[in-house]
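Read the structure below first, then the notes.
Read the figures in this text as sums done on the coordinates, not as results from a lab. No experiment lies behind these values; they were computed from the predicted model shown. Heads up, the Cβs are rebuilt from the backbone with ideal geometry, glycines too, and the neighbour counts pull from every protein chain shown.
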Amino acid sequence: MSTVFIAFQINEDTRPIIEAILADNPHAVLDEQPAMVKINAEDTLVIKRESIEELIGRKFDLQELQVNLITISGHLDEDDDTFTLSWKN
Amino acid sequence: MDMKATKKKLGLKEKYAHMTRGLDWETTYQPKEKVFPQATFEGIKVHDWDKWEDPFRLTMDSYWKYQAEKERKLYAVLDAFAQNNGHLGITDARYLSAIKLFLTGISPLEYVAHRGFAAAGRNFPGVGPRVACLMQSIDEVRHAQTQIHALSNYNKFYEGFHAGASHQIERLWYLSVPKSFFDDAFSAGPFEWMIAIGFSFEYVLTNLLFVPFMSGAAYNGDMATVTFGFSAQSDEARHMTLGLECIKFMLEQDPDNLPIVQKWIDKWAWRGIRVLSLVSTMLDYMLPKRVMSWKEAWEIYFEQNGGALFNDLAKYGIKVPECIAQCTIDKEHQSHQLWLTLCTHSHAMGLHTWLPNAEEMDWLSAKYPNTFDKYYRPRFDQLRELADKGERFYANTLPMLCQVCQIPMLFTEPDDPTKICYRESEFQGEKYHTCSDGCKHIFDDEPEKYIQAWLPVHQVYMGNCWPEGTDPTAEGFNPLAKYLEWCHIDLARDGGDYEGSSDQANFAAWRGAATQNT
Amino acid sequence: MAVTALYDYQYPAADTQDKFHGNQLLYVGWDDHFMFAAPLAFVLPPSSKFSELVENTLTFAFGRHPEWAKIDFSKVVWLKSGQPFVPEMDKTLAEQGLRHKDVLRLQTPGLNGNGTYF
Ligand SMILES: [Fe+2]
Ligand SMILES: [Fe+2]
C-alpha cells in the first residue's frame, strides 16, 4: 500500500473542493498546515467534477483545480469528469 | 419549433489529441537527424513519440487562461502588500535571511530552468514533450520574474536584496553550489536534463523545498512570499507530472534505456540532495517560527513519498538510489553542520546568521534527540561564549571545497559524525577532492566534466575575483574586502551577525513607528 | 568512463598549478576541532618550509582556538591523503613531496575540545 496525496491553498475557491474530495473519498485523511491542506489517501484518490458542481452551484472545469493546486503524488489520470491519483497501474 | 443544433464541445482527451499531435512536419531538404541533433547521442532509444501523453491534458489555450488568472491573483496581493507595509508583518527580520537565500540562490535557477526547458523542447523530436516543455519553460521565467518582483518590496527596506541575480549567483562562494547544479544539468543532453530537473528535482525533491518553505513563510507572516510561492507551486504539480511521465516514457520505450536512466537517477538524486541541504538550515535555524524540522520534512516528503514512487518504478527494474542509506544518516546532522559553517563564515556572506537562543536550542534537542545535545549544542555554546566576550568567531581562511557539489568539506564520515569525510580521486595526474562517496562516485564517472569546475576558493587564490583595476600587490591589500566588493556585498550592512545589524535596528524602529504616534 | 557527448569532449582542468602564480594549493584539516567547520585551503610557494607552514600559516588560521597553543608538535600525527606522513620541519613542501592540492590532516591526540569536538 502506498499513499497518494494532493495539496491545495486554503481559500474560498478550494473550500468546496476539499469538502467534495473528503465526501467522495471516505478513506482520505485531511492534514491541515499553515495556509494549505494536504489530503492523503491510501492508493487512490478521486476528484469528481459533479460533486464540486453540486456544492458550488455552477459548472466547474476540473482544470480549474490547477489555479490553487500545490502538489500531488501518484500517477494522474484526468478527463472531463474525474481527476484521479493512484499508485495502481 | 426550430431545433438549434448545439455544437458539442470537444472532450478533454479529444481536445488534447487535436492540439498536441500533427503539429510538426516531415523535413524535406535536411535529414531529420540534423534538425534534431541531440535526440540520440545520449543512448536513449525512442520508437514512438506519440506514446507520450500529458496526464493533465493541458492545451495551450487553457494554459494561457489559467496562467493569466494566477497572475491576476498574485499581483492583487503584491499591491496590497506594498500598500499596507506588509514587510512589517513578518515575525522578525531574521526571517529575511531565508528569503535572501531564496532570492539569490533559487530565483536565478528558475531562469536557468526556463532556458533549459526551452532547449529541451527544441531538441525533442516528439510533439507531446515539446508542448509540455514549452509550458514549463514559460512557467519558469514567470517564477523568476514574480519572485524578483515580489521580493523587490523587501529591497526597499532591507539589506542584501540588491544583487542576487545580477552579480552574486556567478560569484559568491555558497551560490556556486546551486549554480553548478544547474550548469551540470544544462550542459548534459535533453534526456539527462529531464531526469535531472524534471524528475529528480521537480518530482523527488521539489516538495522539500517549496512546501515547507511556503508554510514557513505563512507561519512567519510573509504574505509576499506565500503568494508568489503558491503561485509558482501551482505550476509545480504539472512539472512533477512531466518528470514522472518522462521517466515512464523512457523506460517503456526500450529496455536498453534502463541502465542509463538508473545512472542518471543515482547521480541526480545525490546532486539534488546536496543542494537542498541549504534548505535544511532554513527549516531548522532561519525561521523564527518553526514549521517542522528538516528531519520531519525529509521523512514525509522523501522517505514516504519517494518510497511510494520507487515502489512503483520497481516494475521497470528501477532501484532506489544507493545514496539513500547515507541520507538516512545525514538527516540527523546536516542542518547543524551547515548552520555552524554559515555562522562562522557570515563575514563573507550577503545575509545574516545568528547563534540559536536557548529556546531554539531546546526545540532542536526535542527534534533531534539522537544528535543535537550530543554533538551540536556544545559547539553553539562555545561560539556563544566567544560572542558574549565580544569575540564572535569567523574563520579567517578560506575552506576546502568539494569538487562536485562545491560545498565546503564540512560533512562527516557515515560511521563517525566527529570525523570529516575526505575522499579523493586522481585524474590526468591532478588531485581532486570530494565530500562524500556520492560526490566521488559522480566525479569518477565523468571526471572530464568536473575538472572544469569554477571553484570560488581556487578562483580567489588565482586572483580572478577582484574588481577591475585592483592591485593585489598594493600595500594593505585586503583580499576578503576586495572579494566582497566584487560580489557587490557591503559587509557592514549585508553580512555578519544579525545581532547589531541595520536590518535588526530598522525593523525594530519601523515596527515601533507603526504602533505608536511619536 | 568518459562523458557521453556529441563531439570529442576535452577541456583543460581549471585549477592546475600553473594558474597560481608560482604557488601551490595545500589543504589542511585539524581533526576533532569543528570550530573550523571544514578543512582549510592555503596557497603557498613550494619553497616554503614545513616549519613556516606550522608557525605562520597554520598558526594564523587555527591560532584562535585555545588548544592550538597546547599542541606538542613532537607528538602529533599527520596524515597525507589518509596515510601516515612524517613531515620534516626544515624541509620545504617540494622537498618532501607535497604536491599541488595535497591534503594533510593534523591529529592531536588528547586535544578534542574536552570531548566536544569544538
Ligand atoms: Fe519554477
Ligand atoms: Fe560534495
query: Under the definition of partner shielding as Cβ atoms of other protein chains within 10 Å of a residue Cβ, what is the mean value for peptide B:449-460?
result: 4
message: Can you say what percent of the DSSP beta bridges in chain B, counting only those with both residues inside, are antiparallel? Round to 5.
response: 90
message: Per-residue Cβ counts within 10 Å, from other chains only, averaged over C:4-15: what number is that?
response: 6
task: Mind jotting down the distance between the C-alpha centroids of segment B:445-481 and segment A:10-75, whole Å?
output: 52
- request: Would you mind putting A:2-8, B:346-352 in packing order, based on average other-beta-carbon counts within 10 Å, highest first?
  value: B:346-352, A:2-8
message: Please report the spacing between the Cα centers of segment B:243-276 and segment C:35-92 in Å, no decimals.
response: 44
- prompt: How would you rank B:44-51, B:156-163, B:202-209, highest first, on the average number of other Cβ atoms within 10 Å across their residues?
  reply: B:202-209, B:156-163, B:44-51
- request: Quick one: angle between helix B:502-515 and the longest Cα principal axis of chain B, in degrees between 0 and 90, rounded to 10, please.
  value: 80
- prompt: Spin-label point model (7 Å from Cα, Cβ direction): what's the A:Ile56 to B:Thr28 distance in nm?
  reply: 4.8
task: Take the Cα radius of gyration of segment A:1-78 and divide it by 2.2 N^0.38 Å, with N its residue count; two decimals is plenty.
output: 1.02
- prompt: Stretched out fully, how many nm does the piece from B:Glu69 to B:Glu468 gain, at 0.36 nm a residue minus the Cα gap?
  reply: 139.0 nm
statement: Residues meeting the amide H criterion for A:Gln33 (H placed from the backbone, H to H distance under 5 Å, 5 or more places apart or on another chain) are A:Lys38
task: Quick one: of B:Lys15/B:Lys45; B:Lys295/B:Lys482; A:Lys48/B:Lys289, which pairs are farther than 32 Å apart, Cα to Cα?
output: B:Lys295/B:Lys482; A:Lys48/B:Lys289
- request: Beta carbons within 10 angstrom, averaged per residue: use that to sort the peptides B:35-41, B:211-217, B:84-90, highest first.
  value: B:211-217, B:84-90, B:35-41
- prompt: Which parts of segment B:400-432 would a label at C:Ala5 reach, counting a residue when its backbone N lies under 17 Å from a point 7 Å out along Cα-to-Cβ?
  reply: B:427-428
- request: For helix B:107-123, report the angle its Cα long axis makes with the longest principal axis of the Cα atoms of chain B; keep it between 0 and 90° and round to the nearest 10°.
  value: 20
task: Would you please give the residues with an amide H less than 5 Å from that of B:Phe427, counting only those at least 5 places away or on a separate chain, with H modeled from the backbone geometry?
output: B:Tyr432
message: As an exercise, use a Förster radius of 45 Å and the Cβ-Cβ distance of B:Asp381 and B:Ala82 to find the FRET efficiency, rounded to the nearest 0.05.
response: 0.60
